[in-house]
1. Using a cut-off of 14 Å between beta-carbons, work out the net charge of the residues near residue 15 (Lys and Arg +1, Asp and Glu -1, residue 15 not included).
2. State to the nearest 20 debye the size of the charge dipole of the chain about its Cα centre, where the only charges are +1 on K and R beta carbons and -1 on D and E beta carbons.
3. Take the solvent-accessible surface of the protein heavy atoms, probe 1.4 Å, and return the percent of it on the chain that carbon and sulfur atoms account for.
4. Run down the lysines and flag those whose C-alpha is under 28 Å from the C-alpha of residue 97, throwing out any fewer than 8 positions away in its chain.
5. Need the list of aspartates and glutamates near residue 85 for cross-linking: C-alpha distance under 16 angstrom, and skip anything on the same chain fewer than eight residues off.
6. At q = 0.09 Å⁻¹, what is the log10 ratio I(q)/I(0) for the chain, with the Debye formula run over Cα points and no solvent?
7. With a 1.4 Å probe and all protein chains left in place, how much accessible area per residue does the chain have, in Å²?
Amino acid sequence: QVQLVESGGGLVQPGGSLRLSCAASGSLLSVKAMAWHRQVPGKQRELVAGIVSNGDTRYAESVKGRFTISRDRQNTLYLQMNSLKPEDTAVYYCNLKNAWGDYWGQGTQVTVSS
């Protein structure tokens, strides 16, 4: 079993920055990938950024050049979000895939508004 706890969300003005963190605990052997997804009411959850075991990353087109995903050796996942826009407002979820399953955190709200 894996537990994921996100933090770092909040209210920020357009153009501002936030750094999200996701602390992972439990069965962390054979982690294949970790990712950040986001969801707004009435829309499907979408991939924001992902990182696989060899360190390769991928980003949604809408966040390329503004967001950076990273992971430390304790499998804490980060999302540095710069130049935030109102359309980045969403609940952000951490996701981890390992050999035994697909796990999600409870989400953290990010609101970009003046």
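1. Local charge sum for residue 15: 0.
2. Around 100 debye, computed over the chain.
3. The nonpolar share, carbon plus sulfur, comes to 48 percent.
4. Within reach: 32, 43, 64.
5. Within the straight-line limit of under 16 Å, residue 85 reaches these aspartates and glutamates: 61.
6. -0.21
7. 54 Å²
The values are calculated or read from the model by the stated rules, or taken from the named source; none is laboratory data. This is a predicted model, so every value here is computed, not measured. Using ideal geometry, Cβ is built from the backbone for each residue, glycine included, and neighbour counts are taken over all protein chains shown. Areas reflect the complete protein model, heavy atoms only, side chains present, ligands, DNA and RNA absent. Shrake-Rupley method; radii C 1.70, N 1.55, O 1.52, S 1.80 Å.
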